[in-house]
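Here is the structure we will look at.
The values are calculated or read from the model by the stated rules, or taken from the named source; none is laboratory data. What you see is a predicted model; the values in this text were computed from it and never measured. Reconstructed Cβ throughout: ideal geometry from the backbone, glycine too, with neighbour counts over all protein chains shown.
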Amino acid sequence: MSAPFTPRGTPCGPLLQNLWDYVRNEHDGVLLSPYLPAICALLTHVAFCAPFLVLDLFGASEWLRAWRISAEEPPPPLRAWLGCLWKIAVQYLTVVLPVTALLQKPRGHVRLPESSPTIWQLFVDVFACLLLFDTLFFFWHLCLHRFPWLYRNIHQQHHQHQAPFALQAQDASTSELLSLLLLARFSAWFVNCHPLTEILFHILNTWLAVEDHSGYNLPWALHRLLPFLGGAPHHHTHHSRHNVNFAPYFTHWDHLFGTYSWE
């Protein structure tokens, strides 16, 4: 559940304000729906995976093979993608959607703010959410690997392949899927985001997860533009070695705990 947003500045101009007015006036029922977080998480994830599916289908070309991290391994076939999609969809429909809807119910009574966030506020709050989520994920992920019972019962499913593909970012046990969604929701709640900022955070969070698992070190990937991000090579090493690179996005926690590796 997100806490009500308290405005901390003036609107940033007509663009964000007009966008927020449209969403608030025309789609407030959708925005406050208890089913929205799970449905958006699944649909956004699938949409962001689609370009990487195209790359995998044409992955035999020499140009694309040059950008694959595991160039010696063939890209996963369409059958693997469809099987993974089916598993994730079943988990969402049977467990994730009902549980998150139950937790979101109280949000239907929250009054949406009239003002949009400023651009600066949008940037700061999204960055704060990503930093907090990255921190929470790092320590949770470290526990999942350090405690055998947690690994066997929660995390092992996610490590069934040493060379993951994009859709497998959410190919995990139901309990792990729920934990990651709740960590993201808690991060936005703790930062006390404007709903528009929270939406952007969840979209960016999903994209980073998909890119991390894509298996491609593309020249326009975010980690090439922002050197403090680990990106797909960083996370690919985690899937191949299991005992390094526990942070999902940034690299500072792995450096501090001596678990960083770039290979």
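Does residue 52 satisfy the criteria of being crowded, with 17+ Cβ neighbours inside 10 Å, at pLDDT 80 or above and of a type in the set (Phe, Trp, Tyr)? Spelling it out, residue 52 is indeed crowded, with 17+ Cβ neighbours inside 10 Å, at pLDDT 80 or above and of a type in the set (Phe, Trp, Tyr).
Note on segment 199-258: residues that are hydroxyl-bearing (Ser, Thr, Tyr) and under 30 Å from residue 20 (Cβ atoms) amount to 2.
Say whether the condition of being in contact (Cβ under 8 Å) with a residue 12 or more places away in the chain, surrounded by fewer than 13 Cβ atoms within 10 Å (Cβ to Cβ) and in a loop (DSSP other than H, G, I, E, B) is met by at least one residue in segment 111-126. Break it down into steps so the answer makes sense when it comes.
Taking segment 111-126 first, the residues in contact (Cβ under 8 Å) with a residue 12 or more places away in the chain are 111-122, 125-126.
Restricting the remaining residues to those that are surrounded by fewer than 13 Cβ atoms within 10 Å (Cβ to Cβ) gives 111, 114, 120.
When the remaining residues are screened for being in a loop (DSSP other than H, G, I, E, B), the result is 111, 114.
For segment 111-126, residues in contact (Cβ under 8 Å) with a residue 12 or more places away in the chain, surrounded by fewer than 13 Cβ atoms within 10 Å (Cβ to Cβ) and in a loop (DSSP other than H, G, I, E, B): present.
For segment 9-26, the candidate set comprises residues that are surrounded by 12 or more Cβ atoms within 10 Å (Cβ to Cβ), of a type outside the set (A, V, I, L, M) and under 16 Å from residue 112 (Cβ atoms); within that set, the residue that is modelled with the lowest pLDDT is 11. Could you check segment 199-231 and list, in sequence order, the residues that are farther than 18 Å from residue 126 by Cα, part of a helix (DSSP H, G or I) and more than 13 Å from the chain's Cα centre (by Cα)? 224 - this is the single residue of segment 199-231 that is farther than 18 Å from residue 126 by Cα, part of a helix (DSSP H, G or I) and more than 13 Å from the chain's Cα centre (by Cα). Inside segment 78-110, residues that are part of a helix (DSSP H, G or I), modelled with pLDDT under 85 and β-branched (Val, Ile, Thr) make up a count of 1. Which residues, taken from segment 158-175, are under 18 Å from residue 46 (Cβ atoms) and either part of a helix (DSSP H, G or I) or touching a residue at least 40 places away in the same chain (Cβ under 8 Å) (or both)? Listed by number, the residues that qualify are 158, 164, 165, 166, 167, 168, 169, 170, 171, 174. Looking across segment 214-227, the residues that are over 12 Å from residue 250 (Cβ atoms), surrounded by 12 or more Cβ atoms within 10 Å (Cβ to Cβ) and of a type outside the set (Lys, Arg) come down to 214, 215, 216, 217, 218, 221.
Within segment 127-146, the set of residues being without any contact (Cβ under 8 Å) to a residue 24 or more places away in the chain and among the charged types (D, E, K, R) comprises 146 only. Any residue that is more than 19 Å from the chain's Cα centre (by Cα) and of a type in the set (D, E, K, R) - is there at least one of those in segment 156-175? The answer is no; no qualifying residue exists. When 181, 142 are screened for being closer than 17 Å to residue 212 by Cβ, in contact with a Ser or Thr (Cβ under 8 Å, 6 or more places away or on another chain) and at pLDDT below 90, only 181 passes.
Output the number of residues of segment 186-213 satisfying the condition of being hydroxyl-bearing (Ser, Thr, Tyr) and under 22 Å from residue 253 (Cβ atoms).
2
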